[in-house]
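A.B. asks: The structure that follows is given in the form of structure tokens.
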Amino acid sequence: MTQAELRLCSLLLREHFGEIVEKVGNSLLRTGPRPLRLLVGDTGLLPDQALYGDAGELLVEELLLHGLLPMSSAVARVAERLADSLADGKSVDFSEVSDTFVRLADTHFIQRCPGAQQHPETAEEKDLYLVPRLALVGKGKRRRSCDEEEEGQHPAKRQRHEGGRSEPPPDDGIYWQVNAKRFHQHFRDQALVSAVASRMDQTGSEVVRTMLRMSEVTTASGASHTQPLSSNEIFRSLPAGYNIGKQVLDQYLALLADDPLEFVGKSGDSGGGTYTVNLHKALGSLATATLESVVEERFGSRCARIFRLLLRKKHLEQKQVEDFAMIPAKEAKDMLYRMLSENLVSLQEIPKTPDHAPSRTFYLYTVNVAAAARTLLHRCYKSVANLMERRQHEMQENKRLLDKSQRVEAILASMQATGAEAAQLHEVEEMITGPERQQLESLKRNVNK
């Protein structure tokens with residue numbers, strides 16, 4: 001990993017999990033896997049959603065926070081958290097959360113953890129998503145203040161307090177974790193659907209979305225294209241709200257297959273024609289479009305014209321670039337060198353003789369899309385890390401003011417709960433002066449950018 005990636009990982013760990021986890025993460029990033037004893041000595045620490053609603057989002061959040069959990073424990077935790085957001089007297093049935101858990105496993109967003117004696121790569125794929133049949137009976141109820149205090153107790157103390165009546169869960173030993181590859185695949189699919197929508201229309205993007213949804217479980221994360229799907233299968237799988245006929249669908253599939261970007265390819269004629277989504281070609285097109293946009297924003301439209309010319313012609317000499325792009329020699333030379341210094345274009349030498357004499361060597365400009373994309377990604381890492389450090393600096397500089405604001409808000413909340421008069425509330429609000437209020441608003445704007 002590069003220094004920018006390491007710095008960004010460290011900042012993310014500190015922001016989401018605190019300084020202790022940051023120390024452990026930095027040690028593991030620097031040295032790789034190591035025993036707990038060495039990790040303790042190095043860090044000085046003591047070893048001690050949109051698709052499935054709120055329930056799906058909270059299930060994934062719980063699994064990410066804890067790393068791995070049994071199904072029964074995850075369902076109970078999420079049911080309690082959902083009940084906390086409801087009014088008094090309402091509860092959430094375990095079966096509702098359990099159904100969402102099963103759907104997440106069926107679509108491979110979560111998976112079982114292989115056993116201690118089993119390597120993840122040798123585990124049967126179908127067994128990783130097999131949900132145990134559990135009769136989870138119960139309801140998540142809203143916790144009161146006394147329950148929250150008891151929750152802070154150590155599990156062993158709570159178990160002794162309850163008289164040791166706790167029993168092992170029915171799925172004891174079966175742990176679940178988030179399938180990160182499946183989420184990456186989903187984000188990739190969303191990017192492809194958005195690209196088709198912007199290039200064609202909403203109906204075309206819905207056709208591609210249907211194809212991706214039909215093959216999301218059967219297509220490997222690193223596959224170059226999806227499984228072949230017939231036109232009849234795609235028509236039957238379209239959402240019910242989309243009233244498009246079979247003939248219109250065939251026209252959209254033909255347009256997608258004939259498009260120069262080749263997001264969709266035709267692989268056969270059976271079943272009304274079989275089609276696949278060319279994942280690697282589509283991602284390459286998206287990367288190229290992003291690079292073109294970056295070049296145009298940073299260097300102007302003329303540099304973007306040269307960049308697109310090099311993408312189309314592959315290799316060109318400087319004189320050829322000047323002629324094809326119709327740009328004066330001095331400006332073309334300056335633009336090429338600027339993009340070369342930023343690693344957006346590369347220079348390839350082709351010598352006529354073995355001595356590599358400059359007078360007998362061709363110098364060809366070209367665009368290495370993969371290398372340019374890696375350069376752009378590295379800059380994104382640096383930018384995100386710089387923004388996070390700047391936000392931490394702003395928060396630290398205004399720590400006193402933020403603490404004062406939180407105290408005032410807590411006082412106002414308690415007074416409103418006891419039915420205080422408006423004059424009393426106004427008096428408490430005036431504890432924060434006008435300049436301080438302006439400073440707080442400016443700080444929130446900068447932090448939330």
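A.B. asks: Can you pull the one-decimal nm distance between simple spin-label points at Ala197 and Lys399, each 7 Å off the Cα toward Cβ?
C.D. replies: Between Ala197 and Lys399, the label points sit 4.3 nm apart.
A.B. asks: How high is the relative contact order of region 181-281, in percent, counting Cα pairs under 8 Å that sit 6 or more residues apart?
C.D. replies: Answer for region 181-281 is 27 percent.
A.B. asks: Could you tell me the accessible area of Leu376 in Å² (1.4 Å probe, neighbours in place), rounded to the nearest ten?
C.D. replies: 40
A.B. asks: With r defined as the distance between the Cβ atoms of Ser293 and Asp334 and R0 fixed at 35 Å, what FRET efficiency is calculated, to the nearest 0.05?
C.D. replies: Result of the calculation: an efficiency of 0.95.
A.B. asks: Efficiency by 1/(1 + (r/R0)^6): what FRET value for Gln392 and Leu51, r their Cβ-Cβ distance, R0 = 35 Å, to the nearest 0.05?
C.D. replies: 0.60
A.B. asks: How much of the accessible area of region 227-283, probe 1.4 Å, is carbon plus sulfur, in whole percent?
C.D. replies: With neighbouring chains kept in place, the figure for region 227-283 is 52 percent.
A.B. asks: Next question. Given +1 on the Cβ of Lys and Arg, -1 on the Cβ of Asp and Glu, and no further charges, what dipole in debye does region 300-367 carry about its Cα centre, rounded to the nearest 20?
C.D. replies: Dipole of region 300-367, to the nearest 20 debye: 240 debye.
A.B. asks: Still on this structure, I have one more. Enter the accessible area per residue of region 300-367 (Å², integer; probe 1.4 Å; all protein chains in place).
C.D. replies: Per-residue value: 61 Å².
A.B. asks: Let me ask another. Quote the FRET efficiency, to the nearest 0.05, computed for Ser442 versus Gln190 with a Förster distance R0 of 41 Å and r equal to the Cβ-Cβ distance.
C.D. replies: The value I calculate is 0.75.
A.B. asks: Show me 292-301, 366-375, 407-416 ranked by packing, highest mean number of other Cβ atoms within 10 Å first.
C.D. replies: Most protected by this proxy first, the peptides run 366-375, 292-301, 407-416.
A.B. asks: Semi-axes of the equivalent ellipsoid of region 248-336: what are they in whole Å, largest first, if each equals the square root of 5 times a C-alpha gyration tensor eigenvalue?
C.D. replies: So the equivalent ellipsoid measures 37, 13, 10 Å along its semi-axes.
A.B. asks: Hey, another quick one. On a 23 Å Cα-Cα criterion, which of the cross-link pairs Lys281/Lys352; Lys319/Lys352; Lys246/Lys266; Lys314/Lys352; Lys313/Lys333 come out too long?
C.D. replies: Going by Cα-Cα distance, Lys281/Lys352 fall outside the 23 Å limit.
A.B. asks: Continuing with the same structure: Using a 1.4 angstrom probe and counting only protein chains, how large is the accessible area of Arg30 in Å², to 10?
C.D. replies: So the heavy atoms of Arg30 present about 150 Å² to solvent.
A.B. asks: With a 1.4 Å probe and all protein chains left in place, how much accessible area per residue does region 398-449 have, in Å²?
C.D. replies: Spelled out: the 1.4 Å probe surface of region 398-449, per residue, equals 75 Å².
A.B. asks: I've got another one for you. Tell me the per residue accessible area of region 181-281 using a 1.4 Å probe; a whole number in Å² is fine.
C.D. replies: 50
A.B. asks: Moving on to the next point. Once Rh is set to the Kirkwood radius over Cα pairs, what Stokes-Einstein translational diffusion coefficient, in µm²/s, holds for region 181-281 at a temperature of 20 °C and a viscosity of 1.002 mPa s?
C.D. replies: Estimated via Stokes-Einstein, D reaches 159 µm²/s.
A.B. asks: Accessible area of region 398-449 with a 1.4 Å probe: how many percent of it is carbon plus sulfur?
C.D. replies: Answer for region 398-449 is 51 percent, counting heavy atoms of protein chains only.
A.B. asks: According to the Kirkwood expression over distinct Cα-Cα pairs, how big is the hydrodynamic radius of region 300-367, in Å?
C.D. replies: 12.3
The values are calculated or read from the model by the stated rules, or taken from the named source; none is laboratory data. Please read all numbers here as calculations on a predicted model, not as lab measurements. When we count neighbours, we look across all protein chains shown, and the Cβ atoms used for this are built from the backbone with ideal geometry, even at glycine. Side chains included, ligands, DNA and RNA excluded: accessible areas come from the protein's heavy atoms. Shrake-Rupley method; radii C 1.70, N 1.55, O 1.52, S 1.80 Å.
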